Amino acid sequence: MFWQEDEAEKDFPVSDAVVDVVFRLEGKRIPVDHAYALAQAIRTQAPWLGGYSEVGIHSIHVAASQNGWERPAHAPDQYLILSRRTKLRIRIPKEHLAQLCTDLEGKVLDIAGCPVRIGKGHHRPLDRARTLFSRYVVMKPQQPEVQFLEEMAGLLQTLGIQVRKALCGKETSLHTPEGPLPTRSLLLADLSPEESVRLQQRGLGPHREMGCGLFIPHKGIAPIVRNS
């Protein structure tokens, strides 16, 4: 854990150069470990996405429980049950928004054998939240927590982002044809508005097409600290 107190900075206008595009989904289920399959399915419909470093494909997530159903563990033979509220989110330069919607809307993706239809999409600006969370950040195999945090602090420094408060969470291995991809969740707090938007625009580490290194707003670090 890194922990350094700092004063909040003033708000500033959020650039819309990079946005999140949110699509409705229609389908029954997808594998829990679907990051690679989802990336391949989307690239089949929009191969040009691979040419932009700002592009990121958020992994699809559903509620931890619904109607008596509990979210299964992250395993290759487990599935997520999709609901009407389930969405696909893709982070992309806004200038390519129209092309992305043209290529994806109405298409049926084959996500590891699970057909999912993509509905209408709309874009949302990035948030200047001072606390951000990434479910998956690529790490070295069996990398100790302290070394992981030190490496992430170095990468953040190259982006002009000062680490004030950072917590890493559970490890998750994502399936790829080359073998398991080790990742760890990461939460950063007390970012300035500028740092927050910059990190969301740039991401952290490789494999953003699989949702790695993509940061989203989080409610805050205090509840986690109290329960740790």
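The values are calculated or read from the model by the stated rules, or taken from the named source; none is laboratory data. Keep in mind that this is a model prediction, so the values were computed, not measured. Glycine gets a Cβ as well: all are built from the backbone with ideal geometry, and neighbour counts include every protein chain shown.
For the reader, a short list of remarks on this structure follows.
- Which listed residue is modelled with pLDDT of 95 or more and within 17 Å of the chain's Cα centre (by Cα), from THR158, THR131: THR131
Per-residue answers, yes or no, for (1) modelled with pLDDT under 95; (2) under 16 Å from the mean Cα position of the chain (by Cα):
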site	(1), (2)
VAL19	no, yes
ARG24	no, no
GLN78	yes, no
LEU104	no, no
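- Residue list for the stretch 161-199, filter: under 19 Å from the mean Cα position of the chain (by Cα), within 20 Å of VAL14 (Cβ to Cβ) and not in a helix (DSSP H, G or I): ILE161, LEU188, ALA189, LEU191
- Listed by first and then second residue, the pairs with beta-carbon distance under 6 Å, at least 6 apart or on different chains, first residue in the stretch 110-122 and in a loop (DSSP other than H, G, I, E, B), second of a type in the set (A, V, I, L, M), are ALA112/ALA37.
- Failed item in (1) surrounded by fewer than 20 Cβ atoms within 10 Å (Cβ to Cβ); (2) part of a helix (DSSP H, G or I); (3) of a type outside the set (A, V, I, L, M); (4) not assigned by TED's automatic domain parsing to the domain that holds LEU80, with ASP103 passing the rest: (4)
- Filtered residue count, the stretch 34-62, keeping only those that are under 13 Å from LEU100 (Cα atoms) and buried (at least 18 other Cβ atoms within 10 Å of the Cβ): 6
- Hey, ARG135 basic (Lys, Arg), in a strand (DSSP E or B) and in contact (Cβ under 8 Å) with a residue 60 or more places away in the chain or not: yes
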